[in-house]
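Below is one structure, written out as structure tokens; comments come after it.
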Amino acid sequence: MTTLERAEAAEHAMSRELDRIVVKSVIYTSGDRDPTQPVQRPPDQGKLYMMGDDPRLRRMPDKPSLFDFFRYRFGPSAHPLQSARLALKSGAGDKVVLACLLHDIAIAGFIRSDHGYWGAQLVEPYVDPEVSWGIRYHQALRFFPDESVGYRYPEMYVKLFGPDYTPEPYIQEAYRRAREHKWYMTSRLITVNDLYSFDPTVKVELEEFTDIVGRNFRQPKEGLGFDASPSAHMWRTIIWPTKYL
Ligand SMILES: [Fe+2]
Ligand SMILES: [Fe+2]
């Protein structure tokens, strides 16, 4: 094949992929539509359904690392990077810094609702249990002040949820449980470093955390998504969010 032929073949393959029918998972569309009603599908005569790489997304490496997910699938990382940097500057240890870096990955690339729980589950097979525990409970702890470390109820939450919002009973129960736990402070320190008003001139690079991640995140040699861990399927869903099955 000449260069031109190769380019044409690639373009043809791309347009064929774009032609595939994308049916989003119920979870992505619930609320915008009533999930109990039949899904309106585009006419599918002669068309195939999406079963792999979605050409609208950047193709991920075959054996993706944690940082690859930050680069190829997660939203802007100023918030987690600056949280982690803040923790590092305060003298926090590896576990707290890593927990700060990873605390919102569910929001950044997976599912917002109950993001602390999803985030914890994603990383659980690869980190010290204290790290995933901290991530799981930071979601609840965010709603409850702790004056001993100078943590107040976030102004931002008043703006976002209104002054009368009270967390659901399961969150209050999670808070009570967390308070009693030996790792309470690990989770609490995530909330202390979890700030939204950052100095926009401060630029933090992912690479600043290469060593901490290297020491504390057991990156599977097969790549995240392909090591048959209890959360491998969740990483795969982030890689291929629009697969039909
Ligand atoms: Fe969070
Ligand atoms: Fe956060």
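Each value in this text was obtained by applying a stated rule to the coordinates, not by laboratory testing. Nothing here was measured: the structure is a model prediction, and the numbers come from that model. All Cβ positions, glycine included, derive from the backbone under ideal geometry; neighbour counts span all protein chains shown.
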(request) Select, from 24, 47, the only residue that is over 26 Å from residue 122 (Cα atoms) and surrounded by 10 or more Cβ atoms within 10 Å (Cβ to Cβ). (result) 47
(request) Would you tally the residues in region 173-215 being farther than 15 Å from residue 139 by Cβ and of a type in the set (Lys, Arg)? (result) 3
(request) Please enumerate the residues belonging to region 86-109 that are within 15 Å of ligand 2 (Cβ to nearest atom) and closer than 23 Å to residue 221 by Cβ. (result) 98, 101, 102, 105, 109
(request) Can you work out which of the residues in region 136-184 that are of a type in the set (Val, Ile, Thr) and surrounded by 10 or more Cβ atoms within 10 Å (Cβ to Cβ) is nearest to residue 122 (Cα to Cα)? (result) 171
(request) Output yes when any residue across region 186-198 is away from ligand 2 (no atom under 16 Å from the Cβ) and not acidic (Asp, Glu), and no when none is. (result) no
(message) Anything in region 91-120 that is closer than 18 Å to residue 204 by Cα, within 12 Å of ligand 1 (Cβ to nearest atom) and not in a helix (DSSP H, G or I)? List them, or say none.
(response) 103, 104
